[in-house]
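In what follows, a structure is listed as structure tokens, so that the remarks can point back to it.
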Amino acid sequence: MTARRFPALGPHRVPAGRPIRVLVVDDSAVMRQFMTALLGSQADLSVATAADPILALAKIERERPDVILLDLEMPRMDGLAFLRQLMRDDPIPVVVCSSHAQHGTAAALAALDEGAVEVVAKPASGLRAFLEESAESLLETLRGASQARLPRLAQRARAARADESRRQPRTERPVFRAAPSFWPRIVAIGASTGGPEALRELLGALPADSPPLLVVQHMPRAFTGAFSRRLDQMCAIEVVEATDGCPVTPGRALIAPGDQHLVLVRQGDQLAVRLSDEPQVNHHRPSVDVLFSSVAAIAGQGAVGVLLTGMGADGARGLLAMRRAGARTLAQDEATSVIYGMPKEAMALGAAEEAVALDRLANRLLSLARDLQPSRSRTPAGRLLA
């Protein structure tokens with residue numbers, strides 16, 4: 001493939017007046033036929049297919065797509081190798097379609113490290129069920145990904161791996177000592193497309209004595225557990241997938257499980273989280289709006305809200321509720337967002353006090369957390385008064 005030169009960071013604009021070109025790369029003839037029918041039914045999308053990455057490279061030479069839907073397990077050249085070459089020579093937004101199997105989950109997370117914009121779950125229980133449950137979400141993902149800003153994520157991934165190799169093992173890291181000035185202050189974070197990379201950078205920059213963090217990342221059910229474990233290996237704070245009734249404690253980030261809402265609640269005289277199977281909000285479960293709204297109601301002025309990169313508007317109204325309750329609120333800035341959708345909506349609503357570059361967010365949220373005035377209903381020890 002002939003190498004092309006593109007800016008290190010910039011919007012992948014689709015020219016007005018023509019459909020978004022989607023290239024489906026999958027060795028399954030059934031999947032190619034299904035995606036052709038689904039995407040071809042949309043007036044704003046055009047679709048081409050390739051049975052393997054070698055054929056895909058040839059098609060890219062003839063007509064460059066706006067977004068690629070990529071399977072990872074294929075003959076002749078595996079999807080990860082194809083992705084690395086693409087990010088090195090000719091960055092194009094890639095949405096990975098991966099299986100729920102353990103190997104598929106690991107490969108999908110590796111693909112995010114290598115520069116994929118998003119990961120979606122490959123249909124496991126039949127294409128008809130997928131069409132009914134997930135087709136709308138997939139179409140939204142592809143449309144959004146076509147507009148993604150493309151940093152040289154492959155280079156950033158190599159830098160992240162080099163940095164990870166220098167990190168101390170978990171057992172040698174400083175043990176958290178509770179800082180009363182932080183508790184019961186809470187940080188709530190929401191992210192979607194581009195969020196895994198943003199969360200890795202943000203959470204990785206936080207010290208072990210950080211305030212409690214609650215995180216919603218739009219991600220399919222099968223991937224959030226592995227994603228949490230991966231972040232835990234990279235961060236000084238503890239990162240775990242939330243469970244129902246899990247207590248909220250300093251030095252730990254709780255990640256919402258895929259397909260369940262994450263809600264902050266009072267549990268006796270402590271703060272905890274609840275998981276909910278309530279209907280989707282903004283076409284998402286977990287929804288950032290659901291988390292932020294619960295934090296506004298329970299933590300009020302004792303919280304910081306942060307809305308990261310992502311398409312759509314999920315989280316904007318919840319962040320506004322937090323600000324009206326006295327919380328401090330931030331949004332990732334346009335220049336460092338892969339998709340400036342959710343943060344843009346928050347800024348337009350007046351929900352975010354300021355837009356902050358990703359590499360400055362950790363210091364900024366910690367500074368705000370230190371200055372917070374905890375709610376009068378809470379003691380310095382973090383217990384809730386009756």
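What to note about this one:
- Packing-based order for 322-331, 363-372, using average beta carbon neighbours within 10 Å, highest first: 322-331, 363-372
- A full extension of the chain between Glu136 and Asn363 corresponds to an added length of 78.0 nm, given 0.36 nm per residue minus the alpha carbon distance.
- Alpha carbon convex hull of region 272-357, volume per residue in cubic angstrom: 85
- Given their separation in residues at 0.36 nm each and the Cα-Cα distance between them, Ala37 and Asp244 gain 70.5 nm when the chain is fully extended.
Each reported figure results from applying straightforward, stated rules to the coordinates on display, with no laboratory input. The shown structure was predicted, so the numbers you read here are calculated from the model rather than taken from an experiment. Methodologically, a virtual Cβ is constructed for each residue, glycine included, from the backbone with ideal geometry; neighbour enumeration extends over all protein chains shown.
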